[in-house]
Amino acid sequence: MMATIITFGMTLIASLQTQNMSKANSSFQHAAPAVPESKKPVFPYPMYVLPVQQRDDRTPKQRCWDNETARIGETLSDLDRRAIDLKCSQR
């Protein structure tokens, strides 16, 4: 009886393997992955890319000078330069 159970088990395993192989063969016929498994980058955690903005290295006085110059929008006279310099030096 033990030999019958082992034979039945082996036959069952063989039939399951045959079914799995036929499923595997049919799945290979559909489409290959776009990127092979060996070429995919492996990261332990999801990666997020954040844009980095340039740092403004100007001093507050330089920012004030640039803002006032842009506000006037013309060629600066000597009086304009002195007024801007006085205004921006107080910041």
Which ³J(HN,Hα) values in Hz, rounded to whole numbers, follow from the phi angles of region 67-84 under the Karplus curve 6.51 cos²θ - 1.76 cosθ + 1.60, where θ = phi - 60° and Gly and Pro get x? 5, 5, 5, 5, 5, 6, x, 10, 5, 7, 7, 4, 5, 4, 4, 5, 5, 5
Output the peptides 72-79, 51-58 sorted from most to least packed, where packing is the average of other Cβ atoms within 10 Å over each peptide's residues. 72-79, 51-58
Length gained, Q62-A83, 0.36 nm per residue minus C-alpha separation, equals 6.1 nm
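Throughout, read-outs are computed from the coordinates displayed, never taken from laboratory work. What you see is a predicted model, and the numbers here were worked out from it, not measured in a lab. In this analysis, Cβ positions are derived from the backbone assuming ideal geometry, glycine residues included, and neighbour counts consider all displayed protein chains.
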